[in-house]
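The values are calculated or read from the model by the stated rules, or taken from the named source; none is laboratory data. As the structure is a computational prediction, the values presented were derived from the model and not from experiment. Positions of Cβ are backbone-derived with ideal geometry, glycine not excepted, and every protein chain shown enters the neighbour counts. Surface accessibility is based on the protein's heavy atoms, side chains included, excluding ligands, DNA and RNA. Shrake-Rupley method; radii C 1.70, N 1.55, O 1.52, S 1.80 Å.
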Amino acid sequence: MAPRKLYAGTKLRELRTRMGLTQKAFAAKLGVSLPYLNQMENNNRPVSTSVVLAMASEFGFDVTELSSGDAERMVTDMSEALSDPIFAEIAPPLADLRLAASNAPALSRAFIELHRAYRQTHERLASLDEVLGQEATNLQPSPWEEVRDFFHYCDNYIDAVDRAAERFASTVEGDILRASNLKFELQFTDSKTLRRYDPVANALRLAASSTPSTQRFQLLHQIALLEQNELLDATLDLARFQTDAARHIAKIGLANYFAGAALMPYTAFLEAAQTTRHDLEQLADKFGASIEQVAHRLSTLQRPGAKGIPFFFVRVDQAGTITKRHSATRLQFARFGGPCPLWNVHRAFETPGRFLRQLAETPDGVRYISIARDVSKPGGSFTAPTRRYAIALGCEMTHASALVYADDMLPASPQAFEPIGISCRICPRRDCHQRSVPPLESKLSVDHDQRGTLPYTVE
């Protein structure tokens with residue numbers, strides 16, 4: 001595949017504005033003419049290699065930011081929205097979507113939200129969830145969706161909270177569970193409740209039956225709520241959530257973020273990840289964390305100037321429903337429907353305690369290595385239910401050599417990559433044997449006199 005041209009006008013303007021330079025002065029430092037810079041800033045021309053190198057040498061700019069951020073996710077989200085049959089005759093080409101995402105991100109987000117509201121209304125009417133005469137349907141995103149999108153568009157990295165957690169971790173000597181500088185009494189009980197804080201007694205009670213990694217995480221979560229409350233609230237103020245419910249849910253998410261970042265401090269964790277070549281088991285042992293916590297933390301290593309490998313991370317339940325998701329790669333998860341059934345994360349339930357590896361290719365031609373494993377969360381007694389999930393962590397093949405899991409899989413022939421998609425509803429593959437529903441953007445042909453893998457042919 002030919003390399004895709006890099007259009008990054010918005011990033012160029014942001015850098016120039018941040019440095020307080022005029023277009024003329026900025027062009028001189030980059031070694032280009034003023035008209036050429038103007039064309040790049042307006043995405044009429046791609047950013048050249050010489051300009052990228054000049055940005056790095058003159059301004060110390062992290063050039064990986066040119067291909068990261070909201071643009072790819074918004075292009076994917078708009079592509080999914082435009083696959084809706086209502087756009088069948090007017091869907092714009094992919095190049096136009098990239099220009100819109102780069103030059104008019106606010107307008108692109110507004111379009112995505114408008115389509116989301118339309119879909120929500122359409123689905124509610126189709127399922128007769130609303131009753132005639134009831135109050136107007138609420139077209140706002142649910143609080144859970146709003147919080148999920150907040151972390152999604154922040155690249156799952158919150159700089160102020162991450163650095164505060166790293167500073168806190170540097171003040172703790174030894175195991176956090178045995179730290180003597182806690183400002184409350186720590187107790188372990190037989191209760192099934194994982195964590196309960198009593199402000200009157202100034203005591204934190206943790207479930208004795210939970211794993212040490214869970215106990216540490218819940219302890220750090222409570223420390224975030226008590227000692228970092230002003231920081232969490234300031235971050236929430238900037239987010240401007242539409243409802244109090246979304247703000248409350250987001251505060252839990254930020255406290256969880258602090259807990260993970262304190263348990264696995266950024267600099268030390270990034271260095272250990274690179275040293276172990278991202279061996280999840282070694283990292284879990286070194287930082288006293290669970291496999292899931294380590295995998296999730298790897299997907300947050302997006303600090304400017306010190307970025308780790310861009311990973312995607314997802315957790316699904318036994319029904320295939322995504323319960324956690326994040327992607328710093330070009331692979332984006334569908335906002336509607338379930339994930340592709342050909343993805344190895346679904347097979348992880350069949351091989352408990354083992355890592356499954358998969359080489360996969362998405363319809364856009366991008367190739368990935370994916371690692372999947374089941375994670376079980378026992379209830380603490382024979383009668384208590386066990387919660388079962390599967391997680392997947394992966395990155396693009398350009399980074400595969402930095403993963404211990406890829407050692408005996410490289411080099412790989414094109415036939416080694418399994419064809420996967422985002423979801424059946426928007427996947428363009430015509431011959432998939434696991435397709436559950438037809439793709440929305442395609443017409444179907446039905447022949448009563450023959451039957452292939454599917455009862456129809458995708459045109």
- Task: Please work out the Cα convex hull volume for segment 175-322 and give it in Å³ per residue.
- Result: 161 Å³
- Query: On average, how much accessible surface per residue is there in the chain, in Å², for a 1.4 Å probe, leaving out ligands, DNA and RNA?
  - Reply: 52 Å²
- Item | Segments 263-269, 358-364 sorted - mean Cβ within 10 Å per residue, highest first | 263-269, 358-364
- Surface share of carbon and sulfur [accessible, 1.4 angstrom probe, percent] for segment 274-395: 48 percent
- Message: Students often forget the sequence filter, so: which aspartates and glutamates lie under 18 Å Cα-Cα from K443 once same-chain residues fewer than 8 apart are removed?
- Response: E80, D84, E89, D431, E459
- Message: So if each residue of separation counts as 0.36 nm, and I subtract the Cα-Cα distance between A306 and F382, what length gain in nm does that give?
- Response: 22.8 nm
- Going by average Cβ neighbours within 10 Å, how do the peptides 223-233, 420-430 rank, with the highest at the top? 420-430, 223-233
- Over the Cα atoms of the chain, what is the Rg over Rh ratio if Rh follows Kirkwood? 0.98
- Message: Can you return the lysines within cross-link range of K24? Criterion is Cα-Cα under 20 Å, with same-chain partners fewer than 8 residues away left out.
- Response: K11
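Largest first and in whole Å, what are the equivalent-ellipsoid semi-axes of segment 256-363 based on the Cα gyration tensor, each being the root of 5 times an eigenvalue?
Values: eigenvalues 119, 54, 37 Å².
Whole-Å semi-axes of the equivalent ellipsoid: 24, 16, 14.
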- Computed label-point distance, nm, for sites S142 and A402 using a 7 Å Cα→Cβ extension: 3.5 nm
- Note on the structure: Once the in-chain neighbours fewer than 8 apart are removed, the lysines whose Cα is under 29 Å from K251 read K183, K192, K286, K307, K324, K377
